[in-house]
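The values are calculated or read from the model by the stated rules, or taken from the named source; none is laboratory data. Keep in mind it's a predicted model, so treat the numbers as computed, not measured. Here the Cβ positions follow ideal geometry from the backbone for every residue, glycine too, while neighbour counts run over all protein chains shown. SASA here: full protein model, heavy atoms, side chains in, ligands and nucleic acids out. Shrake-Rupley method; radii C 1.70, N 1.55, O 1.52, S 1.80 Å.
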Amino acid sequence: MANDRLPLRSERLISRRNFITASLTAGAVAALLPSRLVRAAEVAPEGRKLRVAFVGIGNRGNDLLKSFAGTGLVEVVAFCDVDLLAPHTAESRQLFPLVPGFQDFRKMFAEIGDKFEAVVVATPDHSHFVVAMHAMAHGKHVYVEKPLAHTFREVELLMTRAAQSGVVTQMGNQGHSGNNFHQFKAWTEAGIIKDVTRIDMFMNSPRRWHGWTVTGFDAGEPVPPTLDWDVWHADTQMHPFSHRLHPENWRSWFAYGDGAFGDWGPHILDTAHRFLALGLPHVIEAVKRDGPNEFIFPQASTIRFDFAARPGMPPVEVFWYDGVTNLPPVPAELGPGAKPGRLNGKFIYSKELVFAGGTHSETLRIIPEEKMRAMAPQLPRIAGGFSDHFQNFALACLGREETKSPFHISGPLTQVFLLGVIAQRLGGRLEFDPATKRFTNNDRANELLDGHAPRAGWEEYFRV
């Protein structure tokens, strides 16, 4: 790998001991990040397309490939997938039969890195970090599917690298460019959404690990001949192949995924987190865990986050409910015996109003409906005509827009959910200092903030 060494600005490896300093640096950089750093340096000529490489082209990666191609703004230059010839990557290959394919993203950069300007990352959660760091170290704009990374420390390093590199960044919580984004922004600015004190977010759809019995990592299955199992693990410690890891089931495991938090949280809390300036919580408590397990996520959980008061805004309690039968409390405004009305969504409680909403770009409703109808004349109207999330990223790379979910915005949002994952794993009440970004009452929780030590050969990515 000598020829693929990253052109890093410092040779200081971020260890667990100096992570506090790095965290503070990353936070300061994120807070002061000027808008010019989330824009391309020059406006591209009209009609020129953005040249993009895609890392991860199966399942969600295939969806992203089609979405970006559908914008008419990008040229698909390269593919990379550790299971390039598998059935779940076949559609992507068939759509673009002449595009060169690779199994190792490092080889793709080494061989044709001069052919593309941006990278779309749709690998499992545990490998988002290394691909994005590699891309930014090579000056490439980067779109990373949610969640941004697998551990709190990885998010810190991604934000630091993004600030250093000046490339365009975007996390793939696509609703953040949709109607809910524009509505929440307008309603907050107009004082319709104000004095929020509680948010209940819920994700009650079935998950892959529901019903599993797990006492350790599976063993005994042969590695498919199409799969590079070593590169699939990236910097993560290796375990035997299992169909309960690949494809798609990796999200069930603490070692590789971020569960329902990582999958759905960024689609539910994103606008409230941004426009209510929530930041990081100071308490994270596992109120309920059904079937806690050392290896996979609980069958159901209720997690509480306490956010401090911000200038002009009161403290906020945020509750998370997952599990098929672990439903949130229903607002009294919906009437006796009412149910949430959807599997996944949120209720937002302010001192004067209650709002009900869904996920992604779904807009909020004031409840009861009679109240919303009465307030209709004073509610801001959304004009429309905005670029979607994929157009937004491409146009930002071409110098014509700014991204809606750059890493200094999506990073702290992701970290909220990663703190929640730690509570799901350990249980109990965790006290967290948002200034030092460390837990004050649990050493094991601090170890999980930092995450695993990288495998040999992958240490470079943890240097900034």
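Below, the figures for the structure above:
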{"item": "Interatomic Cα distance distribution for segment 61-116, bins of 10 angstrom, percent", "result": "22, 56, 22"}
{"item": "Rg to Rh, two decimals, where segment 79-201 supplies the alpha carbon set and Rh follows Kirkwood", "result": "1.08"}
{"item": "Histogram of C-alpha separations across segment 360-464, 5 Å bin width, %", "result": "2, 8, 11, 12, 11, 12, 14, 13, 9, 5, 2, 1, 0"}
{"item": "Charged-residue dipole, Cβ positions (Lys, Arg, Asp, Glu), the chain about Cα centre, Debye nearest 20", "result": "840"}
{"item": "Cα long-axis angle, helix 259-268 against the chain (0 to 90 degrees, to the nearest 10)", "result": "60"}
{"item": "Two-decimal Rg/Rh across segment 157-222, once Rg and the Kirkwood Rh are taken from alpha-carbon atoms", "result": "1.17"}
{"item": "For the chain: relative contact order, % (alpha-carbon pairs under 8 angstrom, 6 or more apart)", "result": "24"}
{"item": "Exceeding the 29 Å Cα-Cα cut-off - candidates Lys185/Lys288; Lys346/Lys404; Lys194/Lys339; Lys288/Lys339; Lys140/Lys194", "result": "Lys185/Lys288; Lys140/Lys194"}
{"item": "Sites Glu369 and Asn179 - FRET efficiency at Förster radius 25 Å, r taken between beta-carbons, to 0.05", "result": "0.85"}
{"item": "Taking segment 66-149 and dividing mean pair separation by its residue count, relative contact order in percent (alpha carbons under 8 Å, at least six apart)", "result": "24"}
{"item": "Computed magnitude of the charge dipole of segment 223-372 (debye, nearest 20; Cβ of K, R +1, Cβ of D, E -1)", "result": "440"}
{"item": "Cβ charges +1 (Lys, Arg) and -1 (Asp, Glu), total dipole of segment 350-464, debye", "result": "200"}
{"item": "Positive-end residue of Phe297, Phe254, Trp264, charge dipole of segment 206-342 with Cβ unit charges", "result": "Trp264"}
{"item": "Placed amide H near Leu343: partners under 5 Å, 5+ positions off or other chain", "result": "none"}
{"item": "Mean separation of Cα contacts under 8 Å (6+ apart) over length of segment 89-244, as relative contact order %", "result": "18"}
{"item": "Accessible area (Å², 1.4 Å probe, nearest 10) - Asp322", "result": "10"}
{"item": "Percentage, to the nearest whole number, of Cα pairs in segment 284-431 over 20 Å apart", "result": "64"}
{"item": "Dimensionless Rg over Rh [segment 175-267; C-alpha; Kirkwood]", "result": "1.17"}
{"item": "Leading residue at positive end of dipole, segment 165-293 (Cβ point charges), from Gln237, Gln183, Val168", "result": "Gln183"}
{"item": "Pairwise centroid distance, computed over Cα atoms, of segment 117-165 with segment 239-283, Å", "result": "15"}
{"item": "Area of Lys185 that stays accessible when all protein chains are in place (1.4 Å probe, Å², to 10)", "result": "80"}
{"item": "At R0 = 25 Å, FRET efficiency that the Cβ-Cβ distance of Asp195 and Asp388 yields, to 0.05", "result": "0.20"}
{"item": "For segment 226-356, alpha-carbon Rg over 2.2 N^0.38 Å", "result": "1.30"}
{"item": "Value in Å of the Kirkwood radius, where segment 372-423 supplies the Cα pairs that are averaged", "result": "14.2"}
{"item": "Using alpha carbons only: equivalent-ellipsoid semi-axes of segment 256-303, gyration tensor based, whole Å", "result": "23, 13, 9"}
{"item": "Chain lengthening between Ala44 and Ala376 when straightened (0.36 nm per residue, less Cα-Cα)", "result": "115.3 nm"}
{"item": "Karplus-derived HN-Hα couplings along segment 129-141 (A = 6.51, B = -1.76, C = 1.60, θ = phi - 60°), whole Hz, x at Gly and Pro", "result": "4, 5, 5, 5, 5, 4, 4, 5, 5, 9, x, 9, 5"}
{"item": "Against the rule of thumb 2.2 N^0.38 Å, how large the Cα Rg of the chain comes out", "result": "0.95"}
{"item": "Segment 456-464 - phi-based ³J(HN,Hα) in whole Hz, Karplus 6.51/-1.76/1.60, Gly and Pro as x", "result": "4, x, 10, 5, 3, 6, 9, 10, 10"}
{"item": "At R0 = 35 Å, FRET efficiency that the Cβ-Cβ distance of Gln164 and Arg455 yields, to 0.05", "result": "0.90"}
{"item": "Under-5 Å amide H pairs with Lys437, H placed in peptide plane, nonlocal only", "result": "none"}
{"item": "Among Pro124, Leu98, Ile192 the positive-end extreme of the charge dipole of segment 53-199 (Cβ point charges)", "result": "Ile192"}
